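What follows is a single structure, written as structure tokens, with notes after it.
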Amino acid sequence: MNTFSNIKELLRALNDGRDLLTEMFKKRKSADYKYEYALDLIEHNENRIQYLIDRSVIRQNGNNLEIDDLYLQFFEQVLEANEEINTSYINENLEKVKQNIDYYFNEHNEQRKYEYLRVIKNTLRKIGVITLRNVVDLKRNIDNTFKSEPTFKNKKAKLINLDNKRKDITKLIEQTESLISEDDITFFKTATDEELNRIIVQLKLQLQKCTHNLIEIERQVIDFLNQIQQQSGVVEKLRQIKYLKDQFRLEAETDIKQVISINNSVIFEPNPSYPLKLSLEYLQTSEEAFASIKKIAQRQKSGIKLSQPVADIISDEYLETQIEEEIQINLEEVKNGFVAGSYNLFDFVMNYKFGKKVTFDERVTIYCQMVSQYETVFEITEQYSEKEEIEFAMIYPK
Amino acid sequence: MEVPAQTSEIFKILSKGQFISSNSYDKAISTLYNVLDDEQNFENLYEYFLNINFILEKGDGYFYFSRPENKIDLENKIDTAFRWIDYVDFFKTFDNSFGAGYRFTPSEILVRIKTDAELETKLESLKKHTGKDNHKDILDKALDKLISDSFVELENPITHQYKVLTSFKYLEQLILTINIPDDVRNEIPE
């Protein structure tokens, strides 16, 4: 297997294959990248692909191509696009710091001592960055898994695995913290270096940030797992209940009757209606109510015209004039007749020829009427006469 | 006893058998939820409504009314419960995670029906509750029912996006409370 002999050669090779590598990196999630596609991309220059394959930048598997894991990891790490959370990497660095601290103490040559110190500083800086990036990745992965993992069991398993990763990272943070503040306190006290102090402060800040984030992640994972538990519990129970229901066995074989009968939620009741009458005073006084009444009246108006009740024609019979004659007794005329004669009033009235038949009683009445009306023109004597059991005064004209 | 100013609105909703959910898009409802969520208010209102024979109940993110004594006969309640089981089953078949906070549009469901025979069968079996014939009408009617029972709300009338309210947990809870004896459970095929 050929290897790159210097960095220049490596960079040139990567630069030559940049179009292909970019494309393959984009499609790294779908395992197969066809050899033909790659050929199209680099203008059918098979040598260039072969060059990359020879130097293990790309691996060929039958007709498929993929970027070698080493390069893939490198790209992902640098571009902060890695999905794998690699706790071993932190661990490794931690070990490296410890080892270099040992070397530092064993070494007496100042120059080499400085060399070890430089490695330690670099590694510590790296630990901070890697830990933080791991935490960010972890959070994104948990979110993605919960939201987009379609298989139920895998979703749960993945979340549990990610939660374990979280525990690992927490442990590593603890170790790092104890390393810089407890275990190798001698080193950090003796190796007085301005930059080292600054890096340690920075590292502590980063670790603190990570710890806070991890607490939040833990809460979230627990929440997600609970939701999944709850959901899968409901789905499973629902499936069983639905099965029994469709078999018409639900009522007989479960306690649904008891459960439902002790459940007095209002939601089981039909929608109530409260037919309250409007207050008359409101209807009479409120402008708003009046507007509503008019609106409803408008709506209520039906197309049917009410026929006005027409009276029948008045029959001709009612219009005919009818004459009824009644003979009135003119007392004035009777008096004139009497004054002209010499009879006494009673006999005169008895014998007077009225236009109609007048009975004796009526004639007596007429007599009385005349006496009372024309008293002044009669002479009323003290003599009395009697006729048909009526006693009357003799009256003469004056 | 001090009751909050929103008491009559709370009564109006809860006495219809509806829920007041914490995740409602409707500003008025979420305000009422916050009023009820206050411990002092809750205690006062609990006492207050108890006087008129309603028990104010608090669920996980929702409030509702129940009664001190039973008012509806068992038969009707079981019918209602069966209808809910069918509805919940249908929507959970559409998506396992159908639950509080879930968003969907009826067209998504209708599109899925074309490729999912099980879902189609289940939708058609909802015919008996809805009295409709074509898929869209059955679904609309079922959604109307869920809206009027305040388990779901129309969040965006323009895109027809619906949102499942926290009150949906009530249905899930109800399903979980039903106990299936072990020997019966063992008979149910996987």
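Restricting attention to region A:115-169, report how many residues are closer than 14 Å to A:Ile228 by Cα and crowded, with 20+ Cβ neighbours inside 10 Å. Explain how you work it out, then say what you get.
Of the residues in region A:115-169, the ones closer than 14 Å to A:Ile228 by Cα are A:142-143, A:145-160.
Within this subset, residues satisfying the condition of being crowded, with 20+ Cβ neighbours inside 10 Å are A:142, A:146, A:155, A:159.
The qualifying residues number 4.
Per this entry, A:Ile228 is counted among residues that are open to solvent by less than 70 Å² (accessible area, probe 1.4 Å), of a type in the set (Val, Ile, Thr), within 12 Å of chain B (Cβ to nearest Cβ) and in contact (Cβ under 8 Å) with a residue 40 or more places away in the chain. Cβ separations smaller than 8 Å between residues 6+ apart or across chains give the following pairs from region B:147-160 residues that are open to solvent by 30 Å² or more (accessible area, probe 1.4 Å) to residues that are of a type in the set (S, T, N, Q) and part of a strand (DSSP E or B): B:Leu154/B:Gln161.
Would you point out which residue out of A:Lys34, A:Lys98, A:Lys26, A:Lys8 is surrounded by 13 or more Cβ atoms within 10 Å (Cβ to Cβ) and basic (Lys, Arg)?
A:Lys98
Of the residues contained in region A:284-303, none is found to be of a type in the set (Gly, Ala, Ser) and closer than 30 Å to A:Lys398 by Cβ. Residues in region B:128-140 that are in contact with a Leu (Cβ under 8 Å, 6 or more places away or on another chain) and free of Cβ contacts under 8 Å to residues at least 24 places away in the same chain: B:Ile138 only. Answer with yes or no whether B:Asn53 is at positive phi, within 11 Å of another protein chain (Cβ to nearest Cβ) and open to solvent by 40 Å² or more (accessible area, probe 1.4 Å). Yes: the conditions hold for B:Asn53. Across region B:96-110, the qualifying residues are those that are at the interface with chain A (Cβ under 10 Å from one of its Cβ atoms) and not small (Gly, Ala, Ser), and the one among them that is surrounded by the fewest Cβ atoms within 10 Å (Cβ to Cβ) is B:Asn96.
When the residues of region A:304-342 are filtered to those that are hydroxyl-bearing (Ser, Thr, Tyr) and modelled with pLDDT under 80, the one that is nearest to A:Tyr367 (Cα to Cα) is A:Ser342.
May I ask you to say which residue of B:Phe42, B:Phe65 is touching a helix residue (DSSP H, G or I) at 6+ places or on another chain (Cβ under 8 Å) and either part of a strand (DSSP E or B) or within 24 Å of A:Gln231 (Cα to Cα) (or both)? Reasoning before the result, please.
Working: B:Phe42 fails: either part of a strand (DSSP E or B) or within 24 Å of A:Gln231 (Cα to Cα) (or both).
Among B:Phe42, B:Phe65, only B:Phe65 is touching a helix residue (DSSP H, G or I) at 6+ places or on another chain (Cβ under 8 Å) and either part of a strand (DSSP E or B) or within 24 Å of A:Gln231 (Cα to Cα) (or both).
Within region B:7-21, restricting attention to residues that are open to solvent by 50 Å² or more (accessible area, probe 1.4 Å) and either free of Cβ contacts under 8 Å to residues at least 24 places away in the same chain or polar (S, T, N, Q) (or both), the residue that is nearest to the other protein chains (Cβ to nearest Cβ) is B:Lys16.
Yes or no, residue by residue, for (1) modelled with pLDDT of 90 or more; (2) in a helix (DSSP H, G or I); (3) basic (Lys, Arg):
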position	(1), (2), (3)
B:Ser97	no, no, no
B:Ile109	yes, yes, no
B:Thr121	yes, yes, no
B:Lys128	no, yes, yes
B:Ile138	yes, yes, no
B:Lys141	yes, yes, yes
B:Lys145	yes, yes, yes
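The values are calculated or read from the model by the stated rules, or taken from the named source; none is laboratory data. Keep in mind the model is a prediction, meaning the values are calculated, not measured. Methodologically, a virtual Cβ is constructed for each residue, glycine included, from the backbone with ideal geometry; neighbour enumeration extends over all protein chains shown. Please note that ligands, DNA and RNA were not included when accessible areas were found on the heavy atoms of the full protein model with its side chains. Shrake-Rupley method; radii C 1.70, N 1.55, O 1.52, S 1.80 Å.
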